[in-house]
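Below is one structure, written out as structure tokens, with a few remarks after it.
The values are calculated or read from the model by the stated rules, or taken from the named source; none is laboratory data. This is a predicted model, so every value here is computed, not measured. For neighbour counting, all protein chains shown are included, and Cβ atoms are generated from backbone atoms with ideal geometry for every residue, glycine included.
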Amino acid sequence: MIMKNYTKYLILFFALVAVGCSNFDDMNKNPYALYETNAESFVQPILYNTEKTISSKNYDVLSEIMQYTISNNTEATATLAYNYVINENHSRVLWGLYNQFGNAQYMLKIARTEENPAMIGVALVLRSFIAQVLTDTYGNVPYSQAGLIALQGNEFDYTTPYDEQKSIYADLMRSLEEANACFNKAKELKDSKVLSEINFNPICDFMFNGDVDKWQRFGNSLYLRLLMRSSLKAIEENNGIISLGEEYGDIHVAAKINELYDSYLSGDGIYPVMRGLMDSARVKFNSKDSALYTSFQSVTSGSWGAERACLTLTDLMLISYNAKDEENSIFDPRFFRIFNKAKGGPTQLTREDMAIYFSSNGPGRYAYGEAIGGDDSMPKTHIGDMKMDATYALLNFDELLFIFAEAGARGYIPMSQKAYKDLYLEANLQSILQWQVGWESAEDYYTAASPEVINFINYLDNEFDDDKAIEIILRQKYVATLWVGVESWADYRRTGYPILKTNGPAAQNKQILPTRLRYPATEAFQNAKWYEEAVNGWLNGDNDMLTDMWWASTQESQAIRRLGRQ
């Protein structure tokens with residue numbers, strides 16, 4: 001059921017007052033009614049609440065599923081998501097993004113009423129991003145008729161049909177084509193002096209400060225993500241063709257990726273995309289402002305510290321690391337921006353065995369069992385705490401480089417082996433530098449010229465094997481997309497990489513890494529007709545975590561994922 005309670009929209013409007021984007025003349029108006037405001041006023045509340053919702057599950061569900069972390073919480077009530085025990089309290093959280101999806105729908109309606117092409121584009125990008133996370137989390141979801149309560153006047157229909165993921169993806173691409181056209185129209189109107197300004201109030205947008213050009217680049221970069229996500233399935237079932245409807249016709253995913261790559265090379269072009277770290281889409285938070293708290297503000301240090309690095313990640317990042325001889329070590333500098341200590345635990349153990357593991361290995365040991373000393377041996381660069389980070393990502397610049405590198409390795413973009421290898425190495429460097437943002441004043445933080453960074457990039461250069469290029473590219477993209485929404489989980493389901501062990505002694509879900517989260521239990525009685533149709537349709541009668549997404553149901557992906565159970 002989509003936004004059962006009409007008053008959920010109040011969250012948005014209280015936030016609008018907080019950021020001061022609109023003037024409300026009469027504060028004694030009916031608190032349960034919606035009032036008109038301008039489209040730009042929606043941007044910051046949607047951004048903040050969307051990323052706050054997503055990051056809350058990056059911490060204790062998605063990071064465990066994808067073997068970035070394991071839980072060392074030994075309480076009997078602890079949910080061990082790394083064993084694929086994902087209860088209703090966890091699985092329903094991302095469904096809450098429908099609140100912001102509805103706000104984006106309403107914003108789009110206002111922007112169209114205002115005949116403001118720039119704000120139409122921003123609304124389409126926001127709506128598309130939220131819908132992408134929803135469908136990539138649950139599969140077939142309400143979409144075409146969802147989020148429309150505020151547009152229905154006095155007649156409300158609280159039940160909403162589920163759309164097939166394939167059709168959702170086609171409409172998301174169509175929406176992003178429209179957004180790009182709207183941004184171009186806005187720029188043309190400014191160039192022709194019809195409009196004096198197309199940027200909007202920075203106080204309504206803490207991410208891009210109202211910079212419409214950056215919103216266009218974000219939208220087209222999101223388009224690139226969707227094209228790569230659907231490419232293997234589109235090629236397998238329809239020679240790479242996806243129909244976007246009458247206005248935009250059929251597209252070939254590889255050809256469209258080429259167009260976006262051409263725009264990347266030119267820095268502008270038909271589909272301008274992100275050019276560097278300054279264009280990364282990162283939502284801002286502030287531990288000193290209650291209106292901008294992260295979702296972890298009230299999480300105790302004990303609960304926060306119970307999430308430990310998983311050996312899958314430490315094996316990949318701490319290549320030959322010794323804290324007492326860091327100069328001669330090779331390691332991924334990002335590790336110590338994410339974790340405080342070089343230690344980790346194996347995935348898919350029982351709670352009891354995990355407690356024994358940490359008790360016997362001690363707090364100062366990591367994947368290889370080497371003693372590396374206690375906290376005093378940690379270099380000053382070991383910052384590590386993401387609990388109160390200043391920004392969390394919707395989409396980083398390095399993701400584009402990883403996608404273009406993969407597209408080159410797959411032959412979607414004509415380029416030499418050196419060209420896509422260079423893109424891959426640059427993607428890793430940009431990811432390292434992205435983690436630095438917000439910590440530039442930290443003593444001894446790594447830079448592109450730091451020996452540790454140079455050593456690591458040289459290691460990646462030397463170990464690159466063209467016969468395994470796609471696996472290698474996606475393995476490092478997995479590191480780079482930690483805490484970037486559902487991206488690493490989506491890449492794993494799409495490709496099978498990185499190959500993850502899923503047959504540990506305590507692994508449930510038939511030893512299959514969850515392919516989706518279950519629909520929330522409330523749908524079964526609040527949206528019963530359409531819920532039953534979805535469950536009895538594409539899910540074959542069971543609201544499970546075993547059914548593949550449309551874009552993941554390829555022979556290639558399924559074969560590679562099976563390797564984790566062998």
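In region 269-328, which residues are in a helix (DSSP H, G or I) and hydroxyl-bearing (Ser, Thr, Tyr)?
Ser290, Ser301, Ser303, Thr312, Thr314
Quick one: how many residues across region 223-243 are farther than 21 Å from Ser553 by Cβ and surrounded by fewer than 23 Cβ atoms within 10 Å (Cβ to Cβ)?
So the answer is 0.
Is it true that some residue in region 212-225 is more than 21 Å from the chain's Cα centre (by Cα) and of a type outside the set (Asp, Glu)?
yes
If a residue has to be in a helix (DSSP H, G or I) and modelled with pLDDT of 95 or more to count, how many in region 525-566 make the cut?
Here the count works out to 21.
Can you tell which of Asn199, Asn180, Asn209, Asn286 is polar (S, T, N, Q) and modelled with pLDDT under 95?
Asn286
Taking the condition of being hydrophobic (A, V, I, L, M, F, W, C) and either under 17 Å from the mean Cα position of the chain (by Cα) or surrounded by fewer than 19 Cβ atoms within 10 Å (Cβ to Cβ) (or both), how many residues in region 76-89 meet it?
3
Say whether the condition of being more than 24 Å from the chain's Cα centre (by Cα), surrounded by 22 or more Cβ atoms within 10 Å (Cβ to Cβ) and under 14 Å from Met119 (Cα atoms) is met by at least one residue in region 176-184.
yes
Residue by residue, here is whether (1) in contact (Cβ under 8 Å) with a residue 12 or more places away in the chain; (2) of a type in the set (A, V, I, L, M, F, W, C); (3) assigned to a helix (DSSP H, G or I); (4) surrounded by fewer than 19 Cβ atoms within 10 Å (Cβ to Cβ) holds:
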residue	(1), (2), (3), (4)
Val43	yes, yes, yes, no
Asn58	yes, no, yes, no
Ile70	yes, yes, no, no
Thr74	yes, no, no, yes
Gln105	yes, no, yes, no
Ala111	yes, yes, yes, no
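Identify all residues within region 179-221 that are among the charged types (D, E, K, R) and touching a residue at least 60 places away in the same chain (Cβ under 8 Å); write none if there are none.
Those that are among the charged types (D, E, K, R) and touching a residue at least 60 places away in the same chain (Cβ under 8 Å): Lys185, Asp205, Lys214, Arg217.
Could you list, in sequence order, all residues of region 463-490 that are free of Cβ contacts under 8 Å to residues at least 40 places away in the same chain and either crowded, with 21+ Cβ neighbours inside 10 Å or over 21 Å from Ser553 (Cα atoms) (or both)?
Passing the criteria: Glu463, Asp465, Asp467, Lys468.
Quick test of your reading of the structure: Ile242 fulfils all but one of (1) modelled with pLDDT under 95; (2) over 21 Å from the mean Cα position of the chain (by Cα). Name the failing condition by number.
(1)
Residue under question is Lys288, and the condition is that it be surrounded by 13 or more Cβ atoms within 10 Å (Cβ to Cβ) and under 14 Å from Met388 (Cα atoms); does it hold?
No, not satisfied.
With respect to the numbered conditions (1) at pLDDT 90 or above; (2) in contact with a strand residue (DSSP E or B) (Cβ under 9 Å, 6 or more places away or on another chain); (3) among the charged types (D, E, K, R), which one is the sole condition not fulfilled by Glu307?
Answer for Glu307: the failing condition is (1).
Scan region 529-544 and report the pairs whose first residue is hydrophobic (A, V, I, L, M, F, W, C) and whose second residue is modelled with pLDDT under 95 and part of a loop (DSSP other than H, G, I, E, B), with Cβ atoms within less than 8 Å and a gap of 6+ or a chain change.
Trp530/Thr159; Trp530/Thr160
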